[in-house]
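One structure below.
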Amino acid sequence: MPRLDLSLTGRWLLAGWIAAVALFCGAPSVDLAISGLFWHAGAGFDVITNPLWEWLRQRLWDLALIVLVVAIVAMVRAFAKGRNVWGLPSRAWGFVVTLYLLGPGLIVNGVLKAYSGRARPAFVTEFGGTKLFTPAGQFADQCTRNCSFVSGEVSAAVALAVALWLASVLWSRIERWQRLYLRAVALFIPAFVIVQRVATGRHFASDAVFAALITLTLAWGLYALFAGQLPRRRNAAGAPGGRC
């Protein structure tokens, strides 16, 4: 796997976290203001009514699951045979599988969505519901399962985008236009999912932003691990440490 500039990407991630926390935690009403752009009294979240949006959302979710299954199969084959599978090394497949399982799987759906207790926009009193609005990052009791904070679909979309971007880097036999196409698709997928989830009242903007940041930060750390870029332990003499 090619080396990643961990310092540069880490600074960008840190800047994203600082901006998101300052915006959504410092001014919680921003969430309500953004969701309010897509809500009308008596009609609800009716800005996006074209069924094509929902159809595309479902197909992207299916694609994310398909990529996970393919990655698991490819990872097992790559480790068993000791060679690349479908143009990617075992480390790359292992990275993708681990990102999916830890990001959208464990952290987002297994912990945050299960225990945050944050009601979705369509269910809060400001938008005709009966639940209280909960600021981003705070745990509450306004939801018992599959809660709003954070967005599982955005997390899965970002994981899918990372996988596609990695493929565009590692697939050496594709043409330049194909590489650019893969990267354009990788950028489009999470952008579309974010807009769709917020505009339909299923998530607040902060749910989407923090889901993306969590998944990207996890991808950053996992890439350093799978690419062998973690700092090496040094012994007392200053030389890289090894096994006894």
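The values are calculated or read from the model by the stated rules, or taken from the named source; none is laboratory data. Quantities reported herein were computed from a predicted structural model and do not represent experimental measurements. Quick reminder, even Gly has a Cβ in these numbers, built from the backbone with ideal geometry, and neighbours come from all protein chains shown.
So in segment 83-122, with the set limited to residues that are aromatic (Phe, Trp, Tyr) and surrounded by fewer than 19 Cβ atoms within 10 Å (Cβ to Cβ), which one is nearest to Met1 (Cα to Cα)? Residue satisfying both the conditions and the ranking: Trp86. Test Trp55 against the stated conditions and say whether it is modelled with pLDDT under 95 and under 27 Å from Arg120 (Cβ atoms). When the stated conditions are applied, Trp55 passes them. The residues listed here are Val193, Val185, Val198, Val158; of these, the one that is out of contact with any Leu (no Cβ under 7 Å at 6 or more places or on another chain), at pLDDT 95 or above and either within 20 Å of Gly110 (Cα to Cα) or not in a strand (DSSP E or B) (or both) is Val198. Considering only residues in segment 112-141 that are outside any helix (DSSP H, G or I), touching a Lys or Arg at 6+ places or on another chain (Cβ under 7 Å) and not aliphatic (A, V, I, L, M), the one that is farthest from Phe24 (Cα to Cα) turns out to be Arg120. Is it true that Gly221 is among the small types (Gly, Ala, Ser), within 28 Å of Tyr115 (Cβ to Cβ) and surrounded by fewer than 17 Cβ atoms within 10 Å (Cβ to Cβ)? For Gly221, the condition - among the small types (Gly, Ala, Ser), within 28 Å of Tyr115 (Cβ to Cβ) and surrounded by fewer than 17 Cβ atoms within 10 Å (Cβ to Cβ) - is met.
Leu132 fulfils the conditions (1) farther than 23 Å from Val67 by Cα; (2) surrounded by 23 or more Cβ atoms within 10 Å (Cβ to Cβ) except for a single criterion, (2). If the Cβ limit is 9 Å and pairs must be 6+ apart or interchain, which residue in segment 45-60 that is closer than 19 Å to Ala163 by Cα pairs with which residue that is assigned to a loop (DSSP other than H, G, I, E, B)? Within 9 Å, the pairs are Arg57/Thr200. Looking at segment 9-28, is at least one residue modelled with pLDDT of 95 or more, over 22 Å from Pro104 (Cα atoms) and either touching a Lys or Arg at 6+ places or on another chain (Cβ under 9 Å) or basic (Lys, Arg) (or both)? Yes, some residue in segment 9-28 is modelled with pLDDT of 95 or more, over 22 Å from Pro104 (Cα atoms) and either touching a Lys or Arg at 6+ places or on another chain (Cβ under 9 Å) or basic (Lys, Arg) (or both). Do we have any residue at all in segment 7-29 that's among the basic types (Lys, Arg), surrounded by fewer than 13 Cβ atoms within 10 Å (Cβ to Cβ), out of contact with any Asp or Glu (no Cβ under 9 Å at 6 or more places or on another chain) and not in a helix (DSSP H, G or I)? The answer is no, given that none of the residues of segment 7-29 is among the basic types (Lys, Arg), surrounded by fewer than 13 Cβ atoms within 10 Å (Cβ to Cβ), out of contact with any Asp or Glu (no Cβ under 9 Å at 6 or more places or on another chain) and not in a helix (DSSP H, G or I). Of all residues in segment 57-98, those that are part of a helix (DSSP H, G or I) and out of contact with any helix residue (DSSP H, G or I) (no Cβ under 7 Å at 6 or more places or on another chain) total 12. Test Phe188 against the criterion of being touching a strand residue (DSSP E or B) at 6+ places or on another chain (Cβ under 7 Å) and either of a type in the set (Phe, Trp, Tyr) or closer than 27 Å to Ile66 by Cβ (or both), and give yes or no. Judged against the criteria, Phe188 is not a match.
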